[in-house]
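Since the structure comes first, as structure tokens, the remarks are kept for the end.
Bear in mind these aren't lab numbers, they're just calculated from the coordinates by the rules spelled out. Just so we're clear, the structure is a prediction, and the values are computed from it rather than from any experiment. Virtual Cβ from ideal backbone geometry, glycine too; neighbours counted across all protein chains shown.
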Amino acid sequence: MLAVVALLATLVPPPGPVTIDVVSVSGSGCPAGTVSVGMSQDNEAFTVTYSDFLVQGNGSEAKKSCTIALRLNHAAGYTYGIAATDYRGFAHLVDKTKGVVRNDYHFPGFPTRHSMHTYQGPMSDNWQVTDTPSGVAHGPCKDRKPLTIEAELKVTGKGNTSFMTMDSTDSSVSTTFRLAWKKC
């Protein structure tokens with residue numbers, strides 16, 4: 001019973017509102033004004049929305065990336081980690097072409113979580129991936145360092161018409177980061 005109470009205490013978000021600040025955005029996949037970030041109403045996730053993250057094949061290798069640093073503002077005595085991440089987009093890959101989605105996130109001075117997924121052509125469809133790390137790497141309790149998120153799309157192969165996006169039918173993608181809260 002004590003273990004269940006301890007587990008539930010780590011899943012409950014801190015009291016009060018949780019807000020999120022974008023510290024910086026850079027990269028060829030996210031030109032100025034094409035990224036927005038929002039916190040869920042229940043404070044259990046945040047969403048990064050890209051409106052122009054597209055890589056077009058060029059006959060060999062083409063890639064674009066985006067790096068975002070975020071700071072969550074929440075009640076003292078709590079920290080968070082990423083429990084799972086949902087990525088989605090669209091890929092049009094001709095025969096003998098592949099698309100790669102690579103994602104990393106970390107707090108400065110803490111381990112980096114990596115994920116990579118490869119799609120083989122021919123393919124012309126939406127893609128969606130949920131990454132669940134084997135363990136949650138929580139950020140620091142006292143010195144709130146920004147969380148850095150790095151995403152990369154790459155298309156390789158002979159297909160000049162191949163492309164890959166972090167993009168859904170509404171012309172934007174939502175990458176959702178589900179949070180695991182912990183009392184310090």
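Couple of notes before you dig in:
- Annotation: aspartates and glutamates with alpha-carbon distance below 19 angstrom to Lys142 (same-chain offsets under eight excluded): Asp21.
- 19 Å Cα-Cα reach of Lys182 towards aspartates and glutamates, excluding residues that sit fewer than 8 places from it in its own chain: Asp42, Glu44, Asp143
- Rounded to whole Hz, the Karplus (6.51, -1.76, 1.60) HN-Hα couplings of the stretch 147-162, x for glycine and proline: 8, 9, 10, 10, 10, 9, 10, 9, 10, 10, x, 7, x, 6, 8, 6
- Scalar couplings 3J(HN,Hα) for the stretch 123-132, obtained by applying the Karplus form with A = 6.51, B = -1.76, C = 1.60 to θ = phi - 60°, are 7, 8, 6, 5, 10, 8, 9, 10, 9, 10 Hz; x denotes Gly and Pro.
- Approximate spin-label separation Phe110-Cys141, in nm, with each point projected 7 Å along Cα-to-Cβ: 1.3
- The amide H of Phe53, built 1.01 Å from its N in the peptide plane, has Met166 as neighbours under 5 Å, considering only residues 5 or more places off or on other chains.
- The chain: most fluctuating residue of Thr97, Thr118, Thr67 per GNM, C-alpha cutoff 10 Å: Thr118
- Computed over the stretch 2-183: relative contact order in percent, which uses C-alpha pairs under 8 Å that are six or more apart: 35
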